[in-house]
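Note sheet for the following structure.
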């Protein structure tokens with residue numbers, strides 16, 4: 001037994017150092033180098049820049065609380081969509097806190113679209129608190145409100161959502177979904193286009209009202 | 001439940017069964033120490049490592065020597081991790097300037113990663129520097145997995161060798177598995193993850209100016225390199241707090257499928273390796289059949305319950321399945337499947353928050369772990385755990401037919417049965433004992449987030465996860481306290497090494513035995529009868545002990561849920 005212990009000391013210590021260098025430094029640094037070389041955008045977080053500023057990541061969700069945007073799911077990450085504190089709510093199925101939160105969220109959603117069942121994902125917190133997606137149902141649910149608040153044609157907003165739905169790979173891998181960041185960017189784009197179009201034809205007072 | 005969901009489950013199982021043989025054959029080559037095509041690349045590294053550390057690769061070790069060398073090596077690794085975490089603030093690659101990790105958290109984390117558990121009492125992106133993630137944690141992900149596979153090899157040799165004194169060489173087993181399997185495969189997987197959107201950078205974070213004009217800071221880091229081994233080695237310790245639910249760890253449905261396959265890949269290959277090692281691949285398929293039956297039953301229950309949803313929320317006007325704690329890109333099916341995969345194997349990575357599952361949907365992950373992580377199981381640990389159950393099963397069969405039990409050509413005698421029972425009894429003893437303690441001490445009762453039976457489930461789940469070396473959590477539990485860090489650290493240590501040592505003793509005892517050819521009176525260990533007996537033994541021995549605790553936790557929770565009683 002003693003002999004077994006003594007004979008293990010040198011290999012244990014030297015192998016610890018060697019493997020630490022190989023697996024803890026060489027391997028991650030090699031992948032970092034290769035990743036930065038081959039897939040620079042993804043390796044740095046799939047960031048989207050506009051006018052020299054990072055405005056989001058196509059992979060990570062951001063908070064959309066304004067009624068003029070397609071709203072994202074409730075988030076338990078920090079104070080909401082905190083990229084330094086990912087988290088689910090961890091509330092269980094019989095939690096009073098969960099029931100109260102869902103109840104409140106349902107009433108908020110229903111106020112803007114009365115008489116329709118609220119899609120579950122719009123009133124439940126995601127696992128990460130950074131979910132970039134909402135279901136197509138949840139996006140269509142918000143079409144009327146967006147069209148009204150932005151003075152857009154309902155069918156135009158509806159088409160925008162239809163064009164943003166991502167379908168499962170091979171029909172079964174993944175769920176149909178809509179990336180809220182990308183959808184809202186397109187929404188801003190047609191908003192700006194519509195505004196520019198209206199400015200050309202409308203009276204000055206109307207266009208000022210629109211700009212508010 | 002949808003057709004699309006069942007298609008995913010069918011495709012997953014189909015891919016796995018197709019991978020079992022090629023992976024098993026590759027592992028068999030490493031088991032035998034044969035040359036692989038990758039020796040051209042890593043052969044010099046292997047020889048250099050042996051030379052520098054004074055290892056004789058030809059040495060055949062007794063089970064005691066194998067065990068001691070394995071234990072001392074793992075102790076050295078854990079010590080290194082402890083020191084690195086304590087000294088984090090003084091070391092480089094710490095872009096967000098995190099302070100030193102507290103004593104109790106560093107203690108817990110070092111054991112956790114060393115024991116292939118990867119229980120995390122901390123949020124990765126708010127606690128660990130990039131250097132800690134790479135150097136202190138990633139090496140354990142590789143080497144605790146390699147240790148598990150080496151131990152499985154040792155037990156296989158116990159069955160396969162005849163009248164032998166040794167069970168192999170820990171150093172060569174562990175090194176070969178790392179260099180010719182884990183490392184090359186992880187390099188491919190890591191690059192696939194980067195291409196799919198998993199970050200791999202030494203930067204710490206990036207500031208985002210959102211469309212609504214707010215500021216959002218996103219944590220970044222060398223995520224992909226850790227993600228690859230986190231899944232392949234059934235470790236499960238996430239770079240981020242939300243683990244594989246975080247879009248940076250698991251950005252698409254395709255990465256999700258690859259992660260689930262990675263979890264099972266080696267475990268399922270080892271069943272084939274075992275068959276090859278004992279000279280009859282039907283022995284391996286019989287074990288795999290029993291594992292898959294238990295796995296599919298669990299998947300069906302969780303998927304059904306999660307798709308049915310929570311009646312409490314239905315009454316409030318939120319239609320559909322249970323989406324609390326789940327990501328839209330995975331939905332119900334891929335989240336339910338992932339939860340069963342990760343707890344059947346001792347991975348513990350999560351792509352949805354198990355704490356927010358329906359009561360019975362969450363019971364299955366808990367029960368999977370209580371069975372001892374033998375349904376596929378952790379890399380190596382699953383098959384050696386299952387073989388201990390197989391020893392009990394032939395013993396029970398032997399009692400029924402009145403003959404000395406035999407398994408794959410070895411007589412199973414009192415010593416092997418005693419040691420197997422010793423290893424298997426550790427699990428209920430520590431899980432139930434420690435949970436009971438936590439339920440009567442104020443430091444323990446301070447932990448749960450949820451009230452009522454679900455709060456008890458959180459405590460039970462934590463100790464189950466720790467002892468079974470899983471690492472997933474009902475994460476509402478506040479575990480980063482001296483009480484839980486200490487208790488769970490000890491539980492993880494016992495759950496790993498108090499099973500390994502008796503298991504290696506079994507291997508040594510079996511290796512020394514003569515070969516006993518099967519006769520017409522031997523109980524056949526390949527057909528459906530044997531598979532059914534195995535399932536029965538796993539459920540009765542492994543599961544029955546826990547039924548009372550499940551009644552107090554998830555089952556009471558379920559009854560409250562359908563009555564609409566809230567806490």
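The values are calculated or read from the model by the stated rules, or taken from the named source; none is laboratory data. Please read these numbers as outputs of a predicted model, since none were measured by experiment. When we count neighbours, we look across all protein chains shown, and the Cβ atoms used for this are built from the backbone with ideal geometry, even at glycine.
Let me confirm something: among B:245, B:293, which residue is out of contact with any helix residue (DSSP H, G or I) (no Cβ under 7 Å at 6 or more places or on another chain), touching a residue at least 12 places away in the same chain (Cβ under 8 Å) and more than 13 Å from residue B:12 (Cβ to Cβ)? Give the derivation first.
Numbers: B:293 fails: out of contact with any helix residue (DSSP H, G or I) (no Cβ under 7 Å at 6 or more places or on another chain).
Every option except B:245 fails the conditions.
Name the one entry in B:421, B:440 that is away from chain A (no Cβ under 14 Å), surrounded by fewer than 18 Cβ atoms within 10 Å (Cβ to Cβ) and in contact with a helix residue (DSSP H, G or I) (Cβ under 8 Å, 6 or more places away or on another chain).
Numbers: B:440 fails: in contact with a helix residue (DSSP H, G or I) (Cβ under 8 Å, 6 or more places away or on another chain).
Criteria check complete, one pass: B:421.
Among all residues of region A:7-22, there is none that is in the same structural domain as residue A:183 (by TED's automatic domain parsing) and not in a loop (DSSP other than H, G, I, E, B).
Would you tally the residues in region B:157-203 being outside any helix (DSSP H, G or I) and at the interface with chain A (Cβ under 10 Å from one of its Cβ atoms)? Before you say what the answer is, go through the steps one by one.
From region B:157-203, those outside any helix (DSSP H, G or I) are B:161-169, B:197-203; that's our starting set.
If we keep only those that are at the interface with chain A (Cβ under 10 Å from one of its Cβ atoms) too, we end up with B:197-203.
Selection size over region B:157-203: 7.
Within region B:204-214, being without any contact (Cβ under 8 Å) to a residue 60 or more places away in the chain and either touching a helix residue (DSSP H, G or I) at 6+ places or on another chain (Cβ under 8 Å) or more than 10 Å from chain A (Cβ to nearest Cβ) (or both) holds for one residue alone: B:211.
Going through A:105, A:62, A:96 one at a time, which residue ends up being modelled with pLDDT under 95 and either in the same structural domain as residue A:146 (by TED's automatic domain parsing) or surrounded by fewer than 16 Cβ atoms within 10 Å (Cβ to Cβ) (or both)?
Details: A:62 fails: modelled with pLDDT under 95; A:96 fails: modelled with pLDDT under 95.
The match here is A:105.
Tallying residues that are facing chain A (nearest Cβ under 8 Å) and under 22 Å from residue A:75 (Cβ atoms) within region B:336-361 yields 8.
Just to be sure before I move on: is residue A:126 under 15 Å from residue B:323 (Cα atoms), at the interface with chain B (Cβ under 7 Å from one of its Cβ atoms) and over 16 Å from the mean Cα position of the chain (by Cα) in the structure I sent? Explain how you work it out, then say what you get.
On the way: under 15 Å from residue B:323 (Cα atoms): yes; at the interface with chain B (Cβ under 7 Å from one of its Cβ atoms): yes; over 16 Å from the mean Cα position of the chain (by Cα): no.
Spelling it out, it is not the case that residue A:126 is under 15 Å from residue B:323 (Cα atoms), at the interface with chain B (Cβ under 7 Å from one of its Cβ atoms) and over 16 Å from the mean Cα position of the chain (by Cα).
One line per residue, one yes/no per condition, for (1) more than 10 Å from chain A (Cβ to nearest Cβ); (2) touching a residue at least 12 places away in the same chain (Cβ under 8 Å); (3) in contact with a strand residue (DSSP E or B) (Cβ under 6 Å, 6 or more places away or on another chain):
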{"site": "B:45", "(1), (2), (3)": "no, yes, no"}
{"site": "B:64", "(1), (2), (3)": "no, yes, no"}
{"site": "B:71", "(1), (2), (3)": "no, yes, no"}
{"site": "B:77", "(1), (2), (3)": "no, yes, no"}
{"site": "B:91", "(1), (2), (3)": "yes, yes, no"}
{"site": "B:95", "(1), (2), (3)": "yes, yes, no"}
{"site": "B:99", "(1), (2), (3)": "yes, no, no"}
{"site": "B:107", "(1), (2), (3)": "yes, yes, no"}
{"site": "B:110", "(1), (2), (3)": "yes, yes, no"}
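Within region B:350-371, identify whether any single residue is crowded, with 24+ Cβ neighbours inside 10 Å, modelled with pLDDT under 95 and more than 22 Å from residue B:450 (Cβ to Cβ), and answer yes or no. Scanning region B:350-371 turns up at least one residue that is crowded, with 24+ Cβ neighbours inside 10 Å, modelled with pLDDT under 95 and more than 22 Å from residue B:450 (Cβ to Cβ).
Residues of region B:262-308 that are modelled with pLDDT under 95 and closer than 30 Å to residue A:124 by Cα: none at all.
To keep it simple, each residue is scored yes or no on (1) within 13 Å of the chain's Cα centre (by Cα); (2) more than 7 Å from every other protein chain (Cβ to nearest Cβ).
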| residue | (1), (2) |
| --- | --- |
| A:3 | no, yes |
| A:34 | no, no |
| A:42 | no, no |
| A:57 | yes, no |
| A:79 | no, yes |
| A:90 | no, no |
| A:93 | no, no |
| A:96 | no, no |
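Among the residues of region A:151-166, are any at the interface with chain B (Cβ under 10 Å from one of its Cβ atoms), in contact (Cβ under 8 Å) with a residue 40 or more places away in the chain and touching a helix residue (DSSP H, G or I) at 6+ places or on another chain (Cβ under 9 Å)? No, every residue in region A:151-166 fails to be at the interface with chain B (Cβ under 10 Å from one of its Cβ atoms), in contact (Cβ under 8 Å) with a residue 40 or more places away in the chain and touching a helix residue (DSSP H, G or I) at 6+ places or on another chain (Cβ under 9 Å). Of the helices (runs of 4 or more DSSP H) lying entirely inside region B:403-517, those carrying at least 3 residues that are under 24 Å from the mean Cα position of the chain (by Cα) and farther than 30 Å from residue B:239 by Cβ are B:414-440, B:482-511. Could you tell me which residue of region A:5-29 is surrounded by the most Cβ atoms within 10 Å (Cβ to Cβ), considering only residues that are within 48 Å of the chain's Cα centre (by Cα) and more than 7 Å from every other protein chain (Cβ to nearest Cβ)? Filtering first and then ranking leaves A:22.
Per-residue answers, yes or no, for (1) at negative phi; (2) crowded, with 24+ Cβ neighbours inside 10 Å; (3) at pLDDT below 95:
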site: B:109; (1), (2), (3): yes, yes, no
site: B:125; (1), (2), (3): yes, yes, yes
site: B:130; (1), (2), (3): yes, yes, no
site: B:142; (1), (2), (3): yes, yes, no
site: B:155; (1), (2), (3): yes, yes, no
site: B:177; (1), (2), (3): yes, yes, no
site: B:191; (1), (2), (3): yes, no, no
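Residues of region A:145-156 include at least one that is out of contact with any strand residue (DSSP E or B) (no Cβ under 6 Å at 6 or more places or on another chain), on the phi < 0 side of the Ramachandran plot, surrounded by 17 or more Cβ atoms within 10 Å (Cβ to Cβ) and part of a loop (DSSP other than H, G, I, E, B).
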